[in-house]
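First comes the structure, then the notes that go with it.
Coordinate-derived values only; no laboratory data. This structure is a prediction, so every number in the text was calculated from the model and none was measured. We place every Cβ from the backbone using ideal geometry, glycine too, and count neighbours over all the protein chains shown.
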Amino acid sequence: MADYLLLIAGIILMIFGLIGCLVPVLPGPPLSYAGILLLHFTRFANFSQWTLIILACVTVAVTILDYIVPVWGTRKFGGSKYGTRGATVGLIIGFFLGPAGIIIGPLIGAIVGELIFKDDFRYALKAGIGSLLGFLTGIGLKLAASFVMTFYFIKELIK
């Protein structure tokens, strides 16, 4: 019975891990890794120690990069922390507007954030694009890591 409860909890964590790659409030890859660990402690799977260590390192690296890459993108294009914060707010609002909102929301949010910081539209657009590119790169890294862990989860489960 405990194996089935761990399996269900692992599946839920994998789902929330993928959702967490798009929603900034949820830590996507750490949730996915927790799902892998829960599956490992059942009779349904037995991951090697190296697989668990490598996936843990990937999780830590992607989580750290998720904080660095958006700031780097914003700074590279001359932006400020207002652009990064605006992109985050834009993503949250855009999440409720569907798939296009997830992409357009951070861009508009970053531009608005930069306009609050400095009343120059060209500057705001340039910094907003940098913030968006960094933000989307972070999302891409998180999705890649969580999809790899989901692949291993399913592969081990159906084996």
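Points to keep in mind about this one:
- Peptides 147-158, 64-75 ranked from most to least packed, by the mean per-residue count of other Cβ atoms within 10 Å: 64-75, 147-158.
- Separation between Cα centres of the stretch 76-152 and the stretch 1-59, rounded to whole Å: 27
- Between 0 and 90°, nearest 10: helix 49-76 axis offset from the chain longest Cα axis: 10
- At R0 = 22 Å, FRET efficiency that the Cβ-Cβ distance of Ile116 and Leu22 yields, to 0.05: 0.35
- With Cα atoms, 0 to 90° folded angle of helix 121-158 axis to the chain main axis: 10
- Electrostatic bookkeeping for Gly128 treats Lys and Arg as +1 and Asp and Glu as -1; over the other residues with beta carbon under 11 Å from its beta carbon, the sum is +1.
- Full-extension gain in nm, Ile154 to Ile12, via 0.36 nm per residue minus C-alpha separation: 49.8 nm
- Using a simple spin-label model with pseudo-atoms 7 Å out from Cα toward Cβ, Phe96 and Leu65 lie 3.2 nm apart.
- Asn46/Ala144 FRET efficiency (R0 30 Å; Cβ-Cβ; nearest 0.05): 0.75
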